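See below for the structure under consideration.
Where a number appears in this text, it was derived from the coordinates with a stated rule and is not lab data. Just so we're clear, the structure is a prediction, and the values are computed from it rather than from any experiment. Heads up, the Cβs are rebuilt from the backbone with ideal geometry, glycines too, and the neighbour counts pull from every protein chain shown.
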Amino acid sequence: MSDHKLSRFLLPLAIAALVAPVTWSHSRAKKALADESAAKTPVTETVKIPHPTVINGRMVQPDEYRMVAGRITLKVEDLKTNKVVAESPITWKQVGRHFAKTKMDIDRGILTKVDLGGTRESVLLHNSRS
């Protein structure tokens with residue numbers, strides 16, 4: 001094979017090898033951005049709190065409530081009055097498994113985490129110490 005024919009074959013191959021990692025990282029960045037924006041979309045769930053529970057220093061009595069997990073805050077609303085009875089700053093956490101239904105972690109009477117049904121995401125509550 002002559003040098004001219006070899007260079008015509010190798011040049012496009014070398015360019016492709018140089019461009020591929022850039023394209024791959026760009027598509028991963030777009031996916032990460034899409035995942036992040038999905039977490040910013042509010043998720044609304046109706047939950048039953050079975051016993052008195054503290055949410056960021058506020059006592060919430062047993063009843064059914066609407067929980068709205070926003071970008072940085074979880075709001076707990078009374079279903080009858082639509083008023084916010086408690087709210088807490090949150091951190092979103094994506095996990096490897098899919099949650100079939102919403103589950104709350106209540107540790108010693110304090111709501112600490114909510115696994116959001118129908119997603120792979122949990123919200124961790126930042127409870128105040130007061």
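Observations, loosely collected:
- Entries in Lys83/Lys103; Lys80/Lys101; Lys48/Lys93; Lys48/Lys80; Lys48/Lys75; Lys80/Lys113 that, when Cα-Cα distance is taken, lie over 19 Å: Lys83/Lys103; Lys80/Lys101; Lys48/Lys93; Lys80/Lys113
- Chain lengthening between Val68 and Phe99 when straightened (0.36 nm per residue, less Cα-Cα): 9.5 nm
- Here Arg120, Arg108 are placed in order of increasing Cβ neighbour count within 10 Å, fewest first, which gives Arg108, Arg120.
- Least to most buried among Met67, Met59, Met104 (fewest other Cβ within 10 Å first): Met59, Met104, Met67
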